[in-house]
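S.K.: Questions regarding the structure given below will be posed in turn.
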Amino acid sequence: MAFPLPPAMRLALDLAARAAQEGEVPVAAVVMRDGEVVATAVNVMAARRDPTAHAEMEAIREACRTLDLHRLDDCDLYVTLEPCAMCAGAISHARVRRLYFAAEDQKGGAVVNGPRFFQQPTCLHRPEVYGGIGEAEAAQQLRNFFVARR
């Protein structure tokens, strides 16, 4: 039996699809607090010519500005792709409470793949992590995007 996606992940997947239409890698992030959307973002690396403009980084920055805080202790982050090491570091420094991600990234992921950032003894904050939520759709979006580019 398939369970319905959490609304925040549904929003992230829809945003990722729109990002792909604009030529960006289809990754999106949503920050939630008390059941409300605080911030949304997509990858904008190509548009900004900025390799750090990942969806997670953009969403964290927007959430901090919106809430006028430098930490997101009571916020949850939904993202369509397993965060890389840079984003995992930002998630840790921002003290995000829970991380939900859709597709694993065996090449660039740093949560359940690669360095497993949150499991390192030097990690200063470890969010609760839940993976595989909307995985099939997110993985298909990414496959479609890269097939179209080849």
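The values are calculated or read from the model by the stated rules, or taken from the named source; none is laboratory data. If you're wondering where the values come from, they're calculated on a predicted model, not measured in any experiment. Cβ placement follows ideal geometry from the backbone for every residue including glycine, while neighbour counts extend to all protein chains displayed. SASA here: full protein model, heavy atoms, side chains in, ligands and nucleic acids out. Shrake-Rupley method; radii C 1.70, N 1.55, O 1.52, S 1.80 Å.
S.K.: Which residues, counting only those in segment 15-35, are closer than 21 Å to CYS84 by Cα and among the charged types (D, E, K, R)? Walk me through how you get there before you give the answer.
M.R.: Going residue by residue through segment 15-35, those that are closer than 21 Å to CYS84 by Cα are 15-17, 19-20, 23-32.
Within segment 15-35, GLU24 is the sole residue that qualifies.
S.K.: Kindly provide the set of residues from segment 45-70 that are more than 18 Å from PRO6 (Cβ to Cβ), in contact (Cβ under 8 Å) with a residue 24 or more places away in the chain, surrounded by 13 or more Cβ atoms within 10 Å (Cβ to Cβ) and under 17 Å from the mean Cα position of the chain (by Cα), ordered by number.
M.R.: HIS54, MET57, GLU58, ILE60, GLU62, CYS64, listed by residue number.
S.K.: Just the residues that are of a type outside the set (D, E, K, R), open to solvent by 30 Å² or more (accessible area, probe 1.4 Å) and in contact with a Pro (Cβ under 9 Å, 6 or more places away or on another chain), please, taken from segment 1-30.
M.R.: The answer is ALA17, and nothing else.
S.K.: Are there any pairs with C-beta distances below 7 angstrom linking a residue in segment 9-20 that is touching a residue at least 24 places away in the same chain (Cβ under 8 Å) to a residue that is surrounded by fewer than 22 Cβ atoms within 10 Å (Cβ to Cβ) and in a helix (DSSP H, G or I), with the two at least 6 apart or on different chains, and if so which?
M.R.: LEU13/GLU137; ALA20/PHE145
S.K.: Another question about this same structure. With GLU137, GLU104, GLU128 as the choices, which residue is more than 20 Å from ALA16 (Cα to Cα), open to solvent by 60 Å² or more (accessible area, probe 1.4 Å), within 15 Å of the chain's Cα centre (by Cα) and at pLDDT 95 or above? Quick ask: steps written out before the conclusion?
M.R.: Working: GLU137 fails: more than 20 Å from ALA16 (Cα to Cα); GLU104 fails: more than 20 Å from ALA16 (Cα to Cα).
Testing whether each residue is more than 20 Å from ALA16 (Cα to Cα), open to solvent by 60 Å² or more (accessible area, probe 1.4 Å), within 15 Å of the chain's Cα centre (by Cα) and at pLDDT 95 or above leaves just GLU128.
S.K.: Also, quick follow-up: Return the residues of segment 41-93 that are acidic (Asp, Glu), in contact with an Asp or Glu (Cβ under 9 Å, 6 or more places away or on another chain) and closer than 25 Å to LEU142 by Cα; say none if nothing qualifies. Outline the logic, then answer.
M.R.: The initial filter retains those residues of segment 41-93 that are acidic (Asp, Glu), namely 50, 56, 58, 62, 68, 73-74, 76, 82.
Checking the rest, the ones that are also in contact with an Asp or Glu (Cβ under 9 Å, 6 or more places away or on another chain) come to 74, 76, 82.
Listed by number, the residues that qualify are ASP76, GLU82.
S.K.: When the residues of segment 78-90 are filtered to those that are of a type in the set (A, V, I, L, M) and either in contact with a Leu (Cβ under 6 Å, 6 or more places away or on another chain) or in contact (Cβ under 8 Å) with a residue 40 or more places away in the chain (or both), which remaining residue is most open to solvent (accessible area, probe 1.4 Å)? If you could, list the steps in order and put the result at the bottom.
M.R.: In the first step, residues of segment 78-90 are kept if they are of a type in the set (A, V, I, L, M); the result is 79, 81, 85-86, 88, 90.
This time we only want the ones that are either in contact with a Leu (Cβ under 6 Å, 6 or more places away or on another chain) or in contact (Cβ under 8 Å) with a residue 40 or more places away in the chain (or both), so: 79, 81.
On the way: VAL79: 0, LEU81: 29 Å².
Ranking the candidates gives LEU81 first.
S.K.: Under the condition of being part of a helix (DSSP H, G or I) and not aliphatic (A, V, I, L, M), which residue from segment 13-30 is nearest to ARG150 (Cα to Cα)?
M.R.: Filtering first and then ranking leaves GLN21.
S.K.: What number of residues within segment 33-76 are among the acidic types (Asp, Glu), under 15 Å from VAL96 (Cβ atoms) and not in a helix (DSSP H, G or I)? Step through it out loud before you land on a result.
M.R.: The first filter runs over segment 33-76 and keeps only residues among the acidic types (Asp, Glu), leaving 34, 36, 50, 56, 58, 62, 68, 73-74, 76.
After this cut, where a residue has to be under 15 Å from VAL96 (Cβ atoms) as well, the list is 34, 56, 58, 62, 73-74, 76.
After this cut, where a residue has to be not in a helix (DSSP H, G or I) as well, the list is 34, 73-74, 76.
Total satisfying the criteria: 4.
S.K.: Just to be sure I understand the filter: pairs with C-beta atoms under 6 Å, separated by 6 or more residues or on different chains, first member in segment 116-145 and over 12 Å from GLU82 (Cα atoms), second member aromatic (Phe, Trp, Tyr) and surrounded by 14 or more Cβ atoms within 10 Å (Cβ to Cβ). Which pairs pass?
M.R.: Listed by first residue and then by second, the contacts come to ARG126/PHE118.
S.K.: Before we move on, is ARG33 surrounded by fewer than 17 Cβ atoms within 10 Å (Cβ to Cβ) and either under 21 Å from VAL147 (Cβ atoms) or of a type outside the set (Val, Ile, Thr) (or both)? Spell out the reasoning first.
M.R.: Numbers: surrounded by fewer than 17 Cβ atoms within 10 Å (Cβ to Cβ): no; either under 21 Å from VAL147 (Cβ atoms) or of a type outside the set (Val, Ile, Thr) (or both): yes.
No, not satisfied.
S.K.: For VAL96, state whether it is among the β-branched types (Val, Ile, Thr), touching a strand residue (DSSP E or B) at 6+ places or on another chain (Cβ under 8 Å) and within 24 Å of GLU137 (Cβ to Cβ). Lay out the reasoning, then the answer.
M.R.: Working: among the β-branched types (Val, Ile, Thr): yes; touching a strand residue (DSSP E or B) at 6+ places or on another chain (Cβ under 8 Å): yes; within 24 Å of GLU137 (Cβ to Cβ): yes.
For VAL96, the condition - among the β-branched types (Val, Ile, Thr), touching a strand residue (DSSP E or B) at 6+ places or on another chain (Cβ under 8 Å) and within 24 Å of GLU137 (Cβ to Cβ) - is met.
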